[in-house]
Each structure stands twice: as C-alpha cells, then as structure tokens.
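In what follows, a structure is listed as structure tokens, so that the remarks can point back to it.
The numbers here are math on the coordinates, done by the rules we state, and not lab data. Quick caveat: nothing in here was measured; it's all calculated off a predicted structure. Cβ placement follows ideal geometry from the backbone for every residue including glycine, while neighbour counts extend to all protein chains displayed.
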Amino acid sequence: MTLDLTGQHTLVTGGASGIGATVARRFASLGAHVIVTDLNDDAGAAVAAEIDGEYHHLDVSSSAEWEALIAPHGALDIVFLNAGVSTRLPGHEPSDEPLSEVTDAAYRRIMGANVDGVVFGARAVLPKMIERGSGHIVMTASMAGLGAIPFDPIYGLTKHAVVGFAKSLGQLVGPRGVCASAICPGFADTNIVSADMKAMLDLMNVPMMSPERVADTVITAIEANRPGSVWAVWGDLPIEQYEPTPAFNGLITRP
Ligand SMILES: NC(=O)c1ccc[n+]([C@@H]2O[C@H](COP(=O)([O-])OP(=O)(O)OC[C@H]3O[C@@H](n4cnc5c(N)ncnc54)[C@H](O)[C@@H]3O)[C@@H](O)[C@H]2O)c1
C-alpha cells in the first residue's frame, strides 16, 4: 500500500539539497503540500517551485525564526526536522589533531543546526499538533547517533542527542496523538560528505546510499507511526527499527 498524503501539510528543514530536497519531492509526489525551508534561498526556492510548494528562509538554530514561520500556520501534519551540518567549516579540511581546530564558532554552528534546530523546531510545531491530537515529527539523526564516528566526535555528540530527544519526546507526546521518531542513515550521497571523504569511504568499501533510500526510511517511519521509534538504514541492508537490548528496553516509561 502506498502512503497517501493528499491534502496533508508538511514542512521540511534543510530542503534545498540532499536528503531534505529528496524527501520534499517524495512528500509532494504522495500528494502533500510542502513548505520547503533552508538557509540556501535560491536552491530552496527552486525545489519548492518544482513541486508546487512554498519556500521560506529558516535558520533552524533561531527560535525567533521558527516562531515567526509557524505562527500563521494551522497544525502541520508532518514535520521533517532534517537540516544539519558536520563540524568542518566550509573550506576547512579537518586535521588529525583531536578537537584543536574546532573553534567556538564551528562548535556553535553544529550545535545550532543539529541540536537547537530539532529542539526549537519541535517546540514550535508541537502545541498545535497536540491541540489537534495528531501529527508526526521525523528527525534526521544518523548512524553516528547509534555508534562511533571517530573523524567527527562532535557530529556524533549531536546525533546521539537527536536519538535521545526523539525517543524521549516520542514517549511524552505519543499518548497525546503526536508521533516523534528519528531516522539514522548511514552514508548517503549528498553535499555534507566531501569529495575526499567519498573517495576514502569508497576505498574502505563503505556503502554510499542514494538520498532516495533515506526518503524510503522516512516513509517507513511515518507509516509505522510508532512514537519514539528510531529507524536505521545502511547501504542496501533492510530498513530496521533500532531497538536497545531487552535488558535496557523500557527501564523508564511514562506512568
Ligand atoms: N549524507 C549523509 O551521509 C548523512 C548521513 C546521516 C545523516 N545525515 C544528516 O542528514 C541531514 C541532511 O543532510 P544532507 O546529507 O542532505 O546534506 P546537505 O548538505 O545536502 O543538506 C543539508 C541542508 O541543510 C541546510 N542547513 C544547514 N544548516 C542549516 C541551518 N542552520 N538552518 C537551516 N538549514 C540549514 C543546508 O543549507 C543544506 O541545504 C543532516 O542532518 C545530516 O546530518 C546525512
């Protein structure tokens, strides 16, 4: 059965390129109206025009921009909190020196996009979803939110944060009709992975997915509608719900 999003109101952050643009196109192809948002206005507006959606500039790390964007809208049906960056500043290649080249600005930039972006986004859209008693928030975490990513520990920090946030928020708002979940893709062929990194991963035989496969994972999460669920996808392995070991599953649940 194909998911039917006819008449649904959706919003995608980081929708100008890569995974966000692909998911925006997928939502539109399933019938949804899509609000595409990004920092990159030219590319974001082009994606929105292509799918008959609307484009808004949104720096996800700004709570003021979130509030201004969401205020005029009614409850959204699906919000894809996806915008993200790696620690590497544009034009700067990382060195092997642990953390020494991470400036305060670089640290604030990644925390702002990857952590503040999902928290401010969820905080802005949740009240109207809860009032209506329905909605789905999907967050883009990463395999780096489940395991180690030695070449960018701060990226790993942010994505573990997103996984923990989605699991916990899912349990909090699930009983009120809203589903929060996270996806954890392995490497996908987008701009966030530099050409040098792609070459290195290729040498290591690490699989590089298409962004379409990540979009499949988003659709799987929406169809499953399981609050607090985390969905892993790596290469051409099956898309799987990631579960903690039974001993640690459900140690704290809502009363
Ligand atoms: N490509 C991968 O291998 C991979 C794997 C796992 C997770 N991810 C995650 O997927 C998400 C999407 O990345 P992508 O791979 O499509 O890369 P991408 O660079 O193609 O897309 C990221 C988009 O986010 C936007 N963005 C960055 N900072 C922003 C901000 N502060 N406010 C608003 N928009 C901002 C960029 O302009 C860009 O359009 C990220 O969260 C990334 O961490 C990517």
### Task
Search the stretch 108-128 for residues being charged (D, E, K, R) and within 9 Å of the ligand (Cβ to nearest atom), and hand back the single one that is surrounded by the fewest Cβ atoms within 10 Å (Cβ to Cβ).
Arg109
### Query
Among the residues of the stretch 125-168, which ones are among the hydrophobic types (A, V, I, L, M, F, W, C) and more than 30 Å from Met208 (Cα to Cα)?
Val125, Leu126, Met129, Ile130
### Set Asn205, Asn249: member being away from the ligand (no atom under 14 Å from the Cβ), in contact with an Asp or Glu (Cβ under 7 Å, 6 or more places away or on another chain), without any contact (Cβ under 8 Å) to a residue 40 or more places away in the chain and over 23 Å from Thr2 (Cα atoms)
Asn249
### Listing of strands (runs of 3 or more DSSP E) fully contained in the stretch 1-64 that carry 1 or more residues being within 9 Å of the ligand (Cβ to nearest atom)
33-38, 54-57
### Of the criteria (1) hydrophobic (A, V, I, L, M, F, W, C); (2) within 14 Å of the ligand (Cβ to nearest atom); (3) under 23 Å from Thr22 (Cα atoms), which one Met200 fails
(3)
### Task
Go through (1) closer than 20 Å to Val193 by Cα; (2) within 10 Å of the ligand (Cβ to nearest atom); (3) assigned to a helix (DSSP H, G or I) and name the single condition Val85 misses.
(3)
### Message
Checking the structure you have, find out if any residue of the stretch 170-193 is in contact (Cβ under 8 Å) with a residue 60 or more places away in the chain, buried (at least 16 other Cβ atoms within 10 Å of the Cβ) and closer than 18 Å to Leu5 by Cβ.
### Response
no
### Message
With farther than 26 Å from Gly177 by Cβ and either of a type in the set (Gly, Ala, Ser) or in contact (Cβ under 8 Å) with a residue 60 or more places away in the chain (or both) as the only criterion, which of Ala28, Ala71, Ala49, Ala24 stands out?
### Response
Ala49
#### Entry: Residues of the stretch 146-187 that turn out to be closer than 19 Å to Leu251 by Cβ, more than 11 Å from the ligand (Cβ to nearest atom) and of a type outside the set (D, E, K, R), as a count
12
